[in-house]
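Trainee: My questions will all concern the structure given below.
Just so you know, all these numbers are worked out from the coordinates, no wet-lab data involved. Worth saying up front: this structure is predicted, and the values here are computed from it rather than measured. Positions of Cβ are backbone-derived with ideal geometry, glycine not excepted, and every protein chain shown enters the neighbour counts.
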Amino acid sequence: MATGNSTLPSQPKVETSRSGLSRGQDRKPITVFAERYALVGAWIVLAIFFSFLRPDTFPTIGNLSAILGSQASIAVLTLGLIIPLTTGDMDASVAFVSNLSAMMVAVLNVNLGVPIGWAILAALASGALVGGINGAFVTIFGIDSFIVTLGMGTFVGGVILLISQSNTISGVSDVLTQAVVITQFLGIPLEFYYAIAVGLFLWYVLEWTPLGRRLIVVGRGRNVARLSGLRVQRIRWGALIASGTISALAGVLYVGTSGAADPTSGSQLLLPAFAAAYLGATCIKPGRFNPIGSLIAVYFLVTGISGLQLLGAQGYVQNLFYGGALVIAVTLSQLTRKREEISPGNSQ
Amino acid sequence: MIPENGGPAALRVSALRKTFGGTVALAGVDLEILAGEVHGLLGENGSGKSTLIKVLAGYHAPDSGELQVRGKQIPLPLAPGQFRDLGVEFVHQDLGLVPALTVTENLRIGSYAAGERRFWLSRSREHREAEELFARYNLTINPSVQVRLLPPVQRALLAIARAAEGLRNSPAVQESGGGLLILDEPTVFLPSDDVQRLYELIRTITSTGSSVLFVSHDLDEVLQITDRVTVLRDGNLVGSVDTAAVTADSLVQMIVGRQLQIATDPRGTAETKEVHCTIDNLSAETIDSVSFHVHRGEILGVTGLVGSGFDEVPYGLFGAGPATSGTLTIGDRAIDLAALEPVLAVAGGLALIPADRGRDGSVGSLSVADNIALPVLGSYFNGGVLRRRRMSKEISTLMSDYDVRPNNPSAQYSSLSGGNQQKAVLAKWLQTHPQLLLLHEPTQGVDIGARQQLFGAIRAAAADGTSVICASTDHEQLAELCDRVLIFAHGRMIHELTGQDIQKERITELSFGAVSTK
């Protein structure tokens, strides 16, 4: 092992550098800062850019309100998604779960006349249930989480078509639309603040509770977590239940925004959520899925899309943007990860 | 047996030197393997044996030294895989077979990878070729069966035959008339009855003019199969001798080296202390119904050769490994080891420091504080928030207690040197004041200074009432650290050393199965 003598702290690090020591530590503060806030900077540049090109439509309160309000559902979905991503599991069912939740609210409330409050609770419970089933397969049977949640997502998609009989159901109680989109605070619909609240809550859990630390350790070193006495399987299972429940909440916001639920909107939310989660992992706390970064990423992406649409781009721009962002973001976060995870080789 | 005047040596290494940082792994070693002979290579862990093999495999670049293959000077370092062009093949302990593929497919892996010239692969033809191959080596292996279904000895035979076939087809060997097959401990996991088949195969190979370098821990095997044997110790050549002229005991002496021992200070009189932990009938993959006890505050070493099962002890007692049965009694609490999970082990006052620091001991990409605080996170959660400042402060204190440098709790764990990483892992567990501390190779990849500090910390914990079990093949470490040492062979405990008997040489002798007393 190439190690400095531990009794001489000021030993030159010549030898140790070959074991990868101090990379990531010796980087200049300015580099660290630039990396953390690069996405924020890009967002501002993007906003200024579109403001110049479309000074009459882009930099307006109306557009700001639309941008911030319209994305609450995707934002919440992304926040749900980063929980299992943190523990090292995939959840490809989030978008379908959110669609199921929206449809349950609509079916229960409109078709069956269930009071809106109970309909919402039932929808959230359905999300938790799907998450629980995902978790059971992943932890008890040890099936790869991507496969399980992909299959469950498609299964849930079928359930949606079944309970809605493939119809869009509109006319959901305006108590919900009032609480979600119609009521505004500072000119922005309340749903924006709900998304922020979920983000802050998640930030609190991840940063300020023992549970948050444990989630990260489970994701980064499953064996280390197990040998340190953490209940690894229970934590992974819990993370999938949490993502299911939060995805269902995203569905409630969705149905509250439009007052209606359509049976096929789910699949369209999947890619934006993944793109935002991975893009979010490149900022604020680079290399980690983090709630604040995720929120910034969601709004960065929608700013780009709505700006391009104001410039006259067609609907396809959305696909280009989300798809491209996902690939680039994953590449970037992979690079950050690699640098973070360099470990000294105990070679002999 | 050895062909006289059989032309130049199959392989000659001279004055080979390799250092890692400040550690000398090979201090100018010579090795000569004659054409057509089986040559044994012996030495303890750390003797330089595996470094030598890895230089030949092109894995390590030596600092200096010369290499001749069949009289031809070959410039060092070798490129990875270059040995093939020189007419050298390797079979490592893991054999390099793909269990899910058939015997034939495993034989053909090399040619698939090299770019098959034929477009159409004929299965029947491949099978026929495989059968012809086995006939050449007097083997009876079914070519169409999956390798995972073969008994271990057939797997080893297959891997060796495949390598021998590689030699036969090598242009270098065809030109010079013989190659070199390096067997790197291929017998470790084989029952001794089966090893005979292996010897026959090895003789078949040498009869074609090729040579075999046989690396092993097992003296009996080396005595039976080899013509000559080379012994390394601490990176130095002890000597190369004709096998017929040596006995097991004289080989052990070469391996261990006889130095005058200054009587060490009397060990702690553990016998007078109370028994703290009792292990009854512990069985796992290799170890079979082993029972022993640990006194309170005692440091108990467990050791043996690779494959003896000693290294299953710490994991089995922690619920982290494949313990199939057994009971651990700490004080008056009995724990069923077959049902034990690490969660319960931690709750029961156990702590495990695994050998593989990077994979099992710590998360390199997280901070030192995150790693150290893991078992005690709950104690920093107060008033609804994690008290990060207090955590950072207390962990910084802990780090200075254990001399983890630099003392920066938020530094990335992987940025620490090996010794400091291990001190941090020790701090992580000792802050919980465990009843029983389980260690596996606790000073692997750690420099001398840190090693002493780690010993100091372990001794301090023991003096504090923690009982310690240390599994290691580092006999010097065991001699220095332990109050008592248990030696394992073939899944059983065969010796117990106490007091003055705990000496490095004695431990090594007994591990290698020497029978003579003193």
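Trainee: For region B:277-301 and region B:347-372, what is the separation of their C-alpha centers, rounded to whole Å?
Mentor: Answer, in whole Å: 23.
Trainee: Another one. Quick one: which of B:45-56, B:417-428 comes out on top by average Cβ neighbours within 10 Å, and what's the full order, highest first?
Mentor: Those peptides, ordered most packed to least, come out B:417-428, B:45-56.
Trainee: With just the Cα atoms of the protein assembly as shown, tell me how far they stretch along each of the three principal axes, in Å, largest first.
Mentor: Projected onto its principal axes, the Cα set of the protein assembly as shown covers 98, 74, 52 Å.
Trainee: How long is the gain from B:R197 to B:Q93 if the chain were fully straight, where each residue apart is worth 0.36 nm and the alpha carbon distance is subtracted?
Mentor: 35.8 nm
Trainee: May I ask which of B:K18/B:K504; A:K28/B:K393; A:K285/B:K428; B:K49/B:K428; B:K54/B:K504 have a Cα-Cα span longer than 31 Å here?
Mentor: B:K49/B:K428
Trainee: Calculated from DSSP H runs of 4 or more alone, at -39500 (n - 2.57) each and per residue, what is the 222 nm mean residue ellipticity of the protein assembly as shown, nearest 500?
Mentor: It comes out at -14500 deg cm²/dmol, rounded to the nearest 500.
Trainee: Run the paramagnetic zone check for B:V376: 7 angstrom along Cα to Cβ, then residues of region A:199-227 with backbone nitrogen under 16 Å.
Mentor: Once the point is set 7 Å along Cα→Cβ of B:V376, A:210 turn out to lie under 16 Å by backbone N, inside region A:199-227.
Trainee: Apply the Karplus parameterisation 6.51 cos²θ - 1.76 cosθ + 1.60, with θ equal to phi minus 60°, to every residue of region B:132-138 and state each ³J(HN,Hα) to the nearest whole Hz, in sequence, with x for glycine and proline.
Mentor: 4, 4, 5, 4, 4, 9, 6
Trainee: Here is a further query. Skipping prolines and chain starts, which residues have an amide H placed within reach, meaning under 5 Å, of the one on B:V290, given they are 5 or more residues away or on another chain?
Mentor: Amide H neighbours of B:V290: B:N281, B:L282, B:S283.
Trainee: How far, in nm, would the chain grow between A:E207 and A:Q233 when pulled straight, counting 0.36 nm per residue and subtracting the alpha carbon separation?
Mentor: Roughly 7.2 nm would be gained on extension.
Trainee: Another question about this same structure. Please give the length that would be gained between A:N319 and A:I182 if that part of the chain were fully extended, namely 0.36 nm times their separation in residues minus their C-alpha to C-alpha distance (nm, one decimal).
Mentor: Stretched fully, the A:N319-A:I182 segment lengthens by 46.5 nm.
Trainee: On a 0 to 90° scale, report how tilted helix A:190-208 is relative to the longest principal axis of chain A, with both axes built from alpha carbons and the result rounded to the nearest 10.
Mentor: That works out to roughly 30 degrees.
Trainee: Report the paramagnetic label zone for A:I48: residues of region A:301-328 whose backbone N is under 13 Å from a point 7 Å from Cα along the Cα-to-Cβ axis.
Mentor: From region A:301-328, the list is empty.
Trainee: In addition: Can you work out ³J(HN,Hα) from phi for every residue in region B:414-421, in order, using Karplus 6.51 cos²θ - 1.76 cosθ + 1.60 and θ = phi - 60°, giving whole Hz and x for Gly and Pro?
Mentor: 5, 7, 6, 6, x, x, 5, 4
Trainee: How shielded is B:415-426 by partner chains, expressed as the average number of their Cβ atoms within 10 Å of its Cβ atoms?
Mentor: Mean number of neighbouring Cβ atoms from other chains: 5.
Trainee: Same structure again: Against the globular-protein guess of 2.2 N^0.38 Å, express the Cα radius of gyration of region B:128-188 as a ratio, rounded to two decimals.
Mentor: 1.21
Trainee: Apply 1/(1 + (r/R0)^6) to the Cβ-Cβ distance of B:R389 and A:L121, taking R0 = 30 Å, and write down the FRET efficiency to the nearest 0.05.
Mentor: 0.15
Trainee: Relative to the longest principal axis of chain A, what angle (0 to 90°, nearest 10) does the C-alpha long axis of helix A:72-86 take?
Mentor: 40
Trainee: Write down the Kirkwood hydrodynamic radius of region B:361-431, to one decimal in angstroms, obtained as one divided by the mean of 1/r over all alpha carbon pairs.
Mentor: 11.9
Trainee: May I ask what percent, to the nearest 5, of DSSP beta bridges between residues of chain B are antiparallel?
Mentor: 55
Trainee: Applying 1/(1 + (r/R0)^6) with R0 = 41 Å to the Cβ-Cβ distance of B:Q224 and A:V327, what FRET efficiency is obtained, to the nearest 0.05?
Mentor: The pair B:Q224/A:V327 has a calculated efficiency of 0.10.
Trainee: Suppose every K and R has +1 on its Cβ and every D and E has -1 on its Cβ; what is the size of the dipole of region B:11-256 about the Cα centre, in Debye to the nearest 20?
Mentor: Charge dipole, region B:11-256, about its Cα centre: 840 debye, nearest 20.
Trainee: Give the average, rounded to an integer, of partner chain Cβ atoms located within 10 angstrom of each Cβ in B:406-414.
Mentor: For this peptide, the per-residue mean of nearby foreign Cβ atoms is 4.
Trainee: Please list, in chain and number order, the residues 5+ apart from B:A471 or on another chain whose amide H is under 5 Å from its amide H, with Hs placed from the backbone.
Mentor: Long-range HN contacts for B:A471: B:V302, B:L439, B:H440, B:E441.
Trainee: Sorted from largest to smallest, which semi-axis lengths in Å does the alpha carbon gyration tensor of chain A give for its equivalent ellipsoid, taking the root of 5 times each eigenvalue?
Mentor: Equivalent ellipsoid of chain A: 38, 27, 16 Å, largest first.
Trainee: Moving to a separate point now. Please figure out what share of the DSSP beta bridges in the protein assembly as shown is antiparallel and state it in percent, rounded to the nearest 5.
Mentor: So the antiparallel bridges in the protein assembly as shown amount to around 60 percent.
Trainee: Compute the distance in nm between two label points, each set 7 Å from the Cα along the Cα-to-Cβ direction, one at B:E66 and one at A:S65.
Mentor: Inter-label distance under the simple model: 8.9 nm.
Trainee: Return B:S365, B:S170 ranked ascending by Cβ neighbour count within 10 Å, so the fewest neighbours appear first.
Mentor: B:S170, B:S365
Trainee: Further question on the same structure: Given H placed 1.01 Å from N in the peptide plane, which residues other than close sequence neighbours of B:D63 have an amide H under 5 Å from its amide H?
Mentor: Here the answer is B:R17, B:K18, B:T19, since their amide H atoms fall under 5 Å of that of B:D63.
Trainee: Quick one: if the Förster radius is 41 Å, what FRET efficiency do B:A244 and B:Q82 give, using the C-beta to C-beta distance and rounding to 0.05?
Mentor: With a Förster radius of 41 Å, E is 0.75.
Trainee: Then there's this: If I model a spin label as a point 7 Å beyond the Cα along the Cα-Cβ vector, how far apart are those points for B:H433 and B:T329 in nm?
Mentor: Distance between label points: 2.5 nm.
Trainee: Size of chain B along its principal axes in angstrom, Cα-based, largest extent first?
Mentor: Over chain B, Cα extents along the principal axes are 76, 58, 44 Å.
Trainee: Where does each of A:V198, B:V306 land when they are ranked from fewest to most other beta-carbon atoms within 10 angstrom?
Mentor: Lowest count first: B:V306, A:V198.
Trainee: HN-Hα J couplings of region B:210-225 from phi, Karplus 6.51/-1.76/1.60, θ = phi - 60°, integer Hz, Gly and Pro as x?
Mentor: Karplus values, whole Hz, x for Gly and Pro: 7, 10, 10, 9, 10, 9, 7, 9, 8, 5, 4, 4, 4, 5, 6, 9.
Trainee: For region B:11-256, how big is the tail of P(r) above 34 Å, as a whole percent of Cα pairs?
Mentor: Counting pairs separated by more than 34 Å, the tail of P(r) holds 16 percent.
Trainee: Which ordering of B:T140, B:T329 is given by a fewest-first count of other beta-carbon atoms within 10 Å?
Mentor: The fewest-first ordering by Cβ neighbours comes to B:T140, B:T329.
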